[in-house]
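Sharing a structure, written as structure tokens. Questions coming.
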Amino acid sequence: MKVKTALILCAGLGKRLNPLTLNKPKPLLELNNITLLENTINLIKELGIKKILINTFYLKDQINNYLKKKKFNISINIVP
């Protein structure tokens, strides 16, 4: 059975990373100039998965705006 859809959980408050996450959600923090979210999406694409669902809550507008600006060439749906 081949996995067709992945779910990325981006709804947490990221309290353990305060103060970094007071104004920015954890998925948008960068390591080596790439966000944690972009790194995860790229890994999922490498695995051959064609659809991604992203669960958002905390600072969700920032995540939504980020996803609108980036072109990942994969089906991404945001679920509340």
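Could you give the length gained by full extension between ASN33 and ILE78, i.e. 0.36 nm per residue of separation minus their alpha carbon distance, to one decimal place?
Values: separation 45, 0.36 × 45 = 16.20 nm, distance 2.37 nm.
My answer for the length gained is 13.8 nm.
If you put +1 on each Lys and Arg Cβ and -1 on each Asp and Glu Cβ, how big is the dipole of region 4-60 around its Cα centre, in Debye rounded to 20?
My answer is approximately 220 debye.
Work out how much length TYR66 to LEU17 would gain on full extension: take 0.36 nm times their residue separation and subtract the Cα-Cα distance, in nm to one decimal.
15.6 nm
Right, something else. Looking at the chain, send over the antiparallel percent of its DSSP beta bridges, to the nearest 5. Write down the numbers at each step before the final one.
Working: 2 of 13 bridges.
DSSP beta bridges in the chain are roughly 15 percent antiparallel.
With every protein chain left in place, what is the accessible area per residue of the chain in square angstrom, probe 1.4 Å?
Roughly 73 Å² per residue, with all protein chains present.
Based on the Cα atoms of the chain, what semi-axes does the equivalent ellipsoid have, where each is the square root of 5 times one gyration tensor eigenvalue, given in whole Å with the largest first?
22, 13, 12
In addition: Hey, what angle do you get for helix 36-46 against the long axis of the chain, alpha-carbon based, 0 to 90 degrees rounded to 10?
10 degrees
Using a probe of 1.4 angstrom, how much of the accessible area of region 29-80 is carbon and sulfur, in percent?
Answer for region 29-80: carbon and sulfur cover 51 percent of the accessible area.
The values are calculated or read from the model by the stated rules, or taken from the named source; none is laboratory data. In this text, all values refer to a predicted model and were calculated from it rather than measured experimentally. For neighbour counting, all protein chains shown are included, and Cβ atoms are generated from backbone atoms with ideal geometry for every residue, glycine included. For accessibility, only protein heavy atoms count, side chains too; no ligands or nucleic acids. Shrake-Rupley method; radii C 1.70, N 1.55, O 1.52, S 1.80 Å.
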